[in-house]
Every structure is written in C-alpha cells, then in structure tokens.
Amino acid sequence: MIDFATQLVETIGIFGAGIFIAIESIVIPLPSEFVLLLSGFNVSIGEFQFIPLLIATTTGSLIGALVLYTIGFGISKERVNFLINRFGKYVGIKQADVDKAFKWFDRYGSWTIFFGRLFPLVRSLVSIPAGLSEMNAIKFSLLTIGGSSIFNATWITIGMQLENRWKDAEGWAKNLENVVNIGITVAAVFFIARVVIKKIRS
C-alpha cells in the first residue's frame with residue numbers, strides 16, 4: 001500500500017496526495033501519514049510548495065468527510081450499523097469503531113469533529129454521527145478544515161525535516177503518531193483555553 005501511495009504522489013503530484021487523503025477519509029484504511037511524509041519530502045527538495053500541498057490535502061480531507069457526513073444525514077443509525085456489520089470487514093472497520101465514534105460525538109459534541117481528525121478511523125467515522133444529528137454543514141466543514149489542516153501540516157513538516165529519511169518512519173510510525181497526536185491535542189486545548197479565559201476576563 002505504501003508503494004501504491006508513493007507511485008500515486010510521484011505520478012500525479014500534489015493532486016495525487018489530495019486524492020489519496022480523500023480516499024483515506026472515507027474510512028478506507030490507507031497510510032495517510034506516509035503520503036504526508038512523502039509529500040513533505042517533496043517540499044524539502046523543491047518539487048512541491050507547502051501551501052498548495054496543504055490546501056490540496058486538506059481539501060481531500062474535507063471531501064472525504066463530507067461524503068460520510070452526507071451518508072449519515074441521509075440514513076438512520078440502524079442502517080449504518082447494518083452496513084458496518086455487512087461490509088465493514090472488507091475495509092477493516094468493526095462495529096466497536098463506529099460505537100466509539102458515536103460515543104465521542106455524544107460526549108463532546110461538535111468539538112469531536114475538530115479533535116477527532118487526529119486519530120485513525122475516528123477521524124473518518126465521526127462524520128457519520130455529525131450527519132445523523134443534522135449538524136450545521138458550514139460548522140462541520142470549518143471544524144473539519146481546522147482539525148485536518150493542523151494534522152496535515154504537522155506530518156508534512158515532519159516529512160520536510162526527515163527529508164530522504166522519511167521512509168525510515170515506517171518502523172516507528174505508531175510511536176511517532178502517538179507523540180504527534182498528543183502534542184497537537186495539548187496545543188489545541190491550550191489555545192482554546194486561552195481564548196475562553198480571555199473572553200471571560202473581558
């Protein structure tokens with residue numbers, strides 16, 4: 001799968017990276033982190049430009065998320081569970097994954113869309129309960145863009161720093177992913193807390 005991702009990005013360029021991220025966002029378990037690392041490497045050697053790349057990958061994230069949001073908007077939770085039980089095994093999705101996404105959304109509401117973008121599978125599946133709850137599409141899109149752009153920018157930047165050593169990340173990707181997710185979450189919570197405190201004081 002990593003070879004496929006590499007070929008796609010090298011053949012189609014930034015557009016290929018955006019397509020891959022869009023596909024991954026529609027619950028298909030693809031190594032999006034490696035695409036972003038490879039894309040970051042291409043930025044470091046001057047093949048890609050950072051801003052257009054970030055726009056392309058974040059657009060891909062939004063398109064994939066809107067597909068699942070639309071599915072959630074149009075069908076019932078029972079139908080979602082039926083589809084997962086029937087076809088989920090073909091794309092590596094379990095009923096427990098869906099239940100987790102619904103639980104997160106019920107507990108944390110719309111902020112799940114923002115923070116959920118940092119975690120595998122959850123970042124895709126949270127779009128379904130958002131659609132089912134008929135969450136405002138503009139708000140959903142803005143939160144998706146915010147969370148996805150932070151996630152994408154972080155991994156692209158890591159790829160830029162690793163340069164031609166980006167493939168070495170395959171061996172320790174899980175640990176790196178955990179560190180990155182924790183770091184982004186802490187930073188986002190800190191930023192939101194500062195904004196809230198500032199509003200309260202004013």
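The values are calculated or read from the model by the stated rules, or taken from the named source; none is laboratory data. Source: prediction; values computed, not measured. Every residue, glycine among them, receives a Cβ derived from its backbone with ideal geometry; neighbour counts consider all protein chains shown.
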With (1) under 16 Å from the mean Cα position of the chain (by Cα); (2) farther than 12 Å from PRO129 by Cβ; (3) not polar (S, T, N, Q) as the list, and ALA101 as the residue in question, which single condition is left unmet?
(2)
Could you check ALA153 against (1) among the small types (Gly, Ala, Ser); (2) surrounded by 22 or more Cβ atoms within 10 Å (Cβ to Cβ); (3) closer than 26 Å to GLN49 by Cα and say which number it fails?
(2)
Of all residues in region 103-125 being within 19 Å of PHE151 (Cβ to Cβ) and of a type in the set (Gly, Ala, Ser), which is modelled with the lowest pLDDT?
SER124
Of (1) among the polar types (S, T, N, Q); (2) touching a helix residue (DSSP H, G or I) at 6+ places or on another chain (Cβ under 7 Å); (3) modelled with pLDDT of 75 or more, THR185 satisfies every one except (3)
May I ask you to list pairs of residues, at least six apart or on different chains, whose Cβ atoms are under 7 Å apart, with the first in region 68-79 being at negative phi and in a helix (DSSP H, G or I) and the second being modelled with pLDDT of 85 or more and among the charged types (D, E, K, R)?
PHE73/GLU134
Identify the residue in region 126-141 that is at pLDDT below 90 and β-branched (Val, Ile, Thr) and, among all such residues, is nearest to the chain's Cα centre (by Cα).
VAL126
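Within region 48-55, is there a residue that is aromatic (Phe, Trp, Tyr), touching a residue at least 12 places away in the same chain (Cβ under 8 Å) and over 20 Å from VAL9 (Cα atoms)? I'd like the intermediate steps shown before the answer.
Our first condition is that a residue be aromatic (Phe, Trp, Tyr); within region 48-55, this holds for 48, 50.
With the extra rule that they be touching a residue at least 12 places away in the same chain (Cβ under 8 Å), the set shrinks to 48, 50.
If we keep only those that are over 20 Å from VAL9 (Cα atoms) as well, we get none.
No, region 48-55 has no match at all.
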So, THR144, is that one in a helix (DSSP H, G or I), touching a residue at least 60 places away in the same chain (Cβ under 8 Å) and within 11 Å of the chain's Cα centre (by Cα) or not?
yes
Filter region 39-64 down to the residues that are within 21 Å of GLY146 (Cβ to Cβ) and in contact with a Gly (Cβ under 7 Å, 6 or more places away or on another chain), then identify the one that is surrounded by the most Cβ atoms within 10 Å (Cβ to Cβ).
SER39
Pick from ILE63, ILE28: which is under 30 Å from LEU162 (Cβ atoms), out of contact with any Ser or Thr (no Cβ under 6 Å at 6 or more places or on another chain), among the hydrophobic types (A, V, I, L, M, F, W, C) and modelled with pLDDT of 85 or more?
ILE63
Starting from residues that are crowded, with 19+ Cβ neighbours inside 10 Å and of a type outside the set (D, E, K, R), keep the ones in region 103-117 and report whichever is nearest to ASN136 (Cα to Cα).
ILE113
